[in-house]
């Protein structure tokens, strides 16, 4: 009987000892993915859990502009990034409204347990 119990304990122990680790996930954004909008002065990225301000950030780049077939990505200067008071949002405040064009906001976050995630949000302005 003792030989039957030991294998069962060995099988059950990893399930009990391993904590569930979730990666922060983007739940919504403003502007929304693929949207066409105007007068953008702020980009807000909302996550499934609190993010670590020291390990999180956003870069905003213009990837296209009217009248040009190809445009090398141009990083927007003067972008200030902060984490919301509840810790679940990254807010990128722009120095001035974005001009007409196509943009990508590349983000990276980590939570307090160092679980990392990254991604990109693409939108258009007119």
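With respect to residue 29, determine if the residue is touching a helix residue (DSSP H, G or I) at 6+ places or on another chain (Cβ under 8 Å), assigned to a strand (DSSP E or B) and more than 14 Å from residue 111 (Cα to Cα).
When the stated conditions are applied, residue 29 does not pass them.
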*Taking the condition in contact with a helix residue (DSSP H, G or I) (Cβ under 9 Å, 6 or more places away or on another chain), at pLDDT 95 or above and surrounded by 13 or more Cβ atoms within 10 Å (Cβ to Cβ), does residue 109 pass?*
yes
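Taking the stated definitions as given, is residue 74 in contact (Cβ under 8 Å) with a residue 24 or more places away in the chain, surrounded by 11 or more Cβ atoms within 10 Å (Cβ to Cβ) and out of contact with any helix residue (DSSP H, G or I) (no Cβ under 7 Å at 6 or more places or on another chain)? Break it down stepwise before answering.
On the way: in contact (Cβ under 8 Å) with a residue 24 or more places away in the chain: no; surrounded by 11 or more Cβ atoms within 10 Å (Cβ to Cβ): yes; out of contact with any helix residue (DSSP H, G or I) (no Cβ under 7 Å at 6 or more places or on another chain): yes.
When the stated conditions are applied, residue 74 does not pass them.
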*asked:* I'd like the full set of residues that are more than 9 Å from residue 56 (Cα to Cα) and touching a strand residue (DSSP E or B) at 6+ places or on another chain (Cβ under 6 Å), limited to region 102-115.
replied: 102, 103, 104, 105, 106
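The values are calculated or read from the model by the stated rules, or taken from the named source; none is laboratory data. Given the structure is predicted, the values throughout are model-derived calculations rather than measurements. Methodologically, a virtual Cβ is constructed for each residue, glycine included, from the backbone with ideal geometry; neighbour enumeration extends over all protein chains shown.
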